[in-house]
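The values are calculated or read from the model by the stated rules, or taken from the named source; none is laboratory data. Note that the structure is predicted; figures quoted are calculated from it, not measured. All Cβ positions, even for glycine, are placed from backbone atoms using ideal geometry, and neighbour counts span all protein chains on display.
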Amino acid sequence: MEHPEIIFFFIVIAFVYASVGFGGGSSYLAVLAMYALPFQEIRLTALICNIIVVTGGTVIFIRNKQVNWHKIIPLVAVSVPMAYLGARLKIGQNTFFIILGCSLLLASILLWIKTKNKDAGEIDSKGNYLNDGLLGGAIGFLSGMVGIGGGIFLSPLLNLTKWDSAKKIAATASVFILVNSMAGIAGQLSTLPTDINYTRIAVLCIAVLLGGQIGSRMGAVKFNHLVIRRMTAALVFIAGLEVLIKHVH
């Protein structure tokens, strides 16, 4: 495989993101953007890797009854079709990288902000269906265009608005990433070029499977999630700047 160092990067990214409940799509994109790969392949790779990393966590959240379906359904009911439409939108390579760079900068700011956990007695178990639907739709469309699951935007925003407990928000982000990544792939299928390197994608999938499994277990032990989030925010910020510097003329 050309550029074998990408495998190492993907293992580390999956490890870090899985430890805090994310898929890592934004960072996979950031790494792949540094190499001269077709942007359609970059988006597809990030979404497949997302699914691999978050599927196990989603199953665990569901088994532990951390998923509040009444509040999640309005988010994903709008986000899934919007992610599909965003993925089908025809954009040029340079436009894609500019949107990606801006998205990474925004994500880094949201990740950096520290939020306080909401007390159980303050939580509204029903939520606001209209607001949740609008939020899910906006993030879903952006996610589909860029090739991420959207959890890196959703989770910080839900924490800022004190939408639910930290565990419920983590579970919501995991489900959100999973379904939006699937919708994004479905939207891309009709526009994929014939020269995609599926062998490279398969190798990177194995890498994130390994890193994600280790990260999920380490995160369940003892990690300072704020430190991990801010380290991730710094890396995403640097990657976003680099992408913009390369593609803004």
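In the condition set (1) modelled with pLDDT of 85 or more; (2) under 15 Å from the mean Cα position of the chain (by Cα), residue 110 is compliant with all but (1).
I want to confirm something. Restricting to region 46-93 and keeping residues that are of a type in the set (Lys, Arg) and over 17 Å from residue 147 (Cα atoms), which single residue is surrounded by the most Cβ atoms within 10 Å (Cβ to Cβ)? First the steps, then the outcome.
Step one: list which residues in region 46-93 are of a type in the set (Lys, Arg), which gives 63, 65, 71, 88, 90.
If we keep only those that are over 17 Å from residue 147 (Cα atoms) as well, we get 63, 65, 71.
Values: 63: 9, 65: 8, 71: 22.
Residue satisfying both the conditions and the ranking: 71.
When you check residue 39 against the structure, is it of a type outside the set (Asp, Glu) and surrounded by fewer than 19 Cβ atoms within 10 Å (Cβ to Cβ), yes or no? Taking the combined requirement at face value, the residue does not satisfy it.
Residue check: is residue 26 touching a helix residue (DSSP H, G or I) at 6+ places or on another chain (Cβ under 6 Å), under 22 Å from residue 145 (Cα atoms) and touching a residue at least 40 places away in the same chain (Cβ under 8 Å)?
On the way: touching a helix residue (DSSP H, G or I) at 6+ places or on another chain (Cβ under 6 Å): yes; under 22 Å from residue 145 (Cα atoms): yes; touching a residue at least 40 places away in the same chain (Cβ under 8 Å): yes.
Yes: the conditions hold for residue 26.
The residues of region 87-113 that are farther than 23 Å from residue 161 by Cβ, touching a helix residue (DSSP H, G or I) at 6+ places or on another chain (Cβ under 7 Å) and part of a helix (DSSP H, G or I), listed by number, are 87, 88, 93, 94, 96, 97, 98, 99, 100, 101.
Just checking, which of 67, 16, 54 is assigned to a helix (DSSP H, G or I) and out of contact with any Leu (no Cβ under 7 Å at 6 or more places or on another chain)?
16 is the lone residue from the list that is assigned to a helix (DSSP H, G or I) and out of contact with any Leu (no Cβ under 7 Å at 6 or more places or on another chain).
Take the residues in region 186-204 that are part of a helix (DSSP H, G or I), surrounded by fewer than 22 Cβ atoms within 10 Å (Cβ to Cβ) and of a type outside the set (Gly, Ala, Ser); name whichever of them is modelled with the lowest pLDDT. Here the residue is 191.
Considering each of 167, 162 in turn, give the residue that is surrounded by 15 or more Cβ atoms within 10 Å (Cβ to Cβ) and not aliphatic (A, V, I, L, M). Walk me through it before giving the result.
On the way: 167 fails: surrounded by 15 or more Cβ atoms within 10 Å (Cβ to Cβ).
After ruling out the rest, the residue left standing is 162.
The residue list 60, 72, 11, 7 contains one member that is more than 21 Å from residue 192 (Cα to Cα) and either modelled with pLDDT under 85 or out of contact with any helix residue (DSSP H, G or I) (no Cβ under 7 Å at 6 or more places or on another chain) (or both), which is 60. Inspection of region 128-147 finds a residue satisfying the criterion of being at pLDDT 85 or above, closer than 21 Å to residue 107 by Cα and assigned to a loop (DSSP other than H, G, I, E, B).
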